[in-house]
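Data block below; observations after.
Each reported figure results from applying straightforward, stated rules to the coordinates on display, with no laboratory input. What you are looking at is a predicted structure, and each value in this text was computed from that prediction instead of being measured. All Cβ positions, even for glycine, are placed from backbone atoms using ideal geometry, and neighbour counts span all protein chains on display.
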Amino acid sequence: MPHPVQTCRWHTYPTPGELSQAATQNILRSAQQAIDRNGRFSIVLAGGNSPRQVYQLLRTSNADWLHWHVYFGDERCLPPQDTERNSRMANEAWLDHVAIPRSQIHLIPSELGPQQATEAYTKTLETVGEFDMVLLGLGEDGHTASLFPGHDWGIEQSAPPVLAVFDSPKPPPDRVSLSATRLSQAHEVVFLVTGMGKKQAITEWRSGKAIPASAIAPASGVDVYLEALLLDPPG
Ligand code: 6PG
């Protein structure tokens, strides 16, 4: 299967704070445009720590929350209230504090384990078309969501929308992830990349190396919001 052809737009910022401010404004602008267009805004959330500041900024933003529909790009197989759950971070930073109806926040039931949670979330997504926006992070090894080097990324057109992950190199080992193909079915894809540890992954990505992040190939291309220091030539 040939690696998907990805169009990347690189947006650099001096600090994570300025990056988060810009990303938040983009999200709010896209949300209003989607709601004006279709009466709803569907967004897939990134896990990890990089999006936390964006979620905190969204918490204090004024948005048409009743028309927001929230999904998750991946989840760690842990109890619902575990501090390492991506959903717990998003709830505490943002979702518990705004008026998005809980019925419109679609958690991945990863406490059921990879296989059962994958089956359940596949059903959840059956009635969902193209996402309006997908947020993603980048791991130091080039992973995104829970798509890791040396594992199945789900890049075939026929790939299932949701993948069970049993041996993640980033703990915990058991996870659930949307596939690269499903994450690419989006009007907009925004990567949020902060931290010096990502420098090698960014260099490889920009050199054209096939990494999980470069397998996310929506028709409109992807926007990578990254700290400027990640583009500096190796010192
Ligand atoms: C996860 C995330 C993962 C994350 C990257 C970056 O569950 O761990 O989905 O893909 O986005 O590992 O993590 P940081 O933002 O914490 O660097």
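Points worth noting:
- The value of relative contact order for region 124-223, using C-alpha pairs under 8 Å at least six residues apart, is 35 percent.
- The chain, relative contact order [Cα under 8 Å, separation at least 6], %: 26
- Helical runs assigned H by DSSP (4 residues or longer) give the chain a calculated mean residue ellipticity at 222 nm of -8000 deg cm²/dmol, each run adding -39500 (n - 2.57) before division by the residue total.
- In terms of overall dimensions, the C-alpha atoms belonging to region 68-174 reach 40, 31, 25 Å along their principal axes, ordered largest to smallest.
- Qualifying aspartates and glutamates (Cα of each under 19 Å from Cα of Lys199; at least 8 residues distant if same chain): Glu18, Glu140, Asp141, Asp223, Glu227, Asp232
- For the chain, Kirkwood radius (reciprocal of mean inverse C-alpha pair distance, Å): 17.6
- In the calculated pair-distance distribution of region 141-197, the portion above 19 angstrom amounts to 32 percent of the Cα-Cα pairs.
- Where Rh is the Kirkwood radius over Cα pairs, Rg/Rh for region 117-165: 0.97
- Using only alpha carbons, region 92-132 has a radius of gyration to Kirkwood radius ratio (Rg to Rh) of 1.03.
- Percent of Cα-Cα distances greater than 20 Å, calculated over region 1-118: 49
- Stokes-Einstein diffusion coefficient of region 133-235, Kirkwood radius over Cα pairs, 37 °C, 0.692 mPa s, in µm²/s: 236
- Taking Lys and Arg as +1 and Asp and Glu as -1, the other residues whose beta-carbon sits under 14 Å from that of Cys8 total 0.
- Normalised contact order of region 1-105, rounded percent, pairs of Cα under 8 Å and 6 or more residues apart: 25
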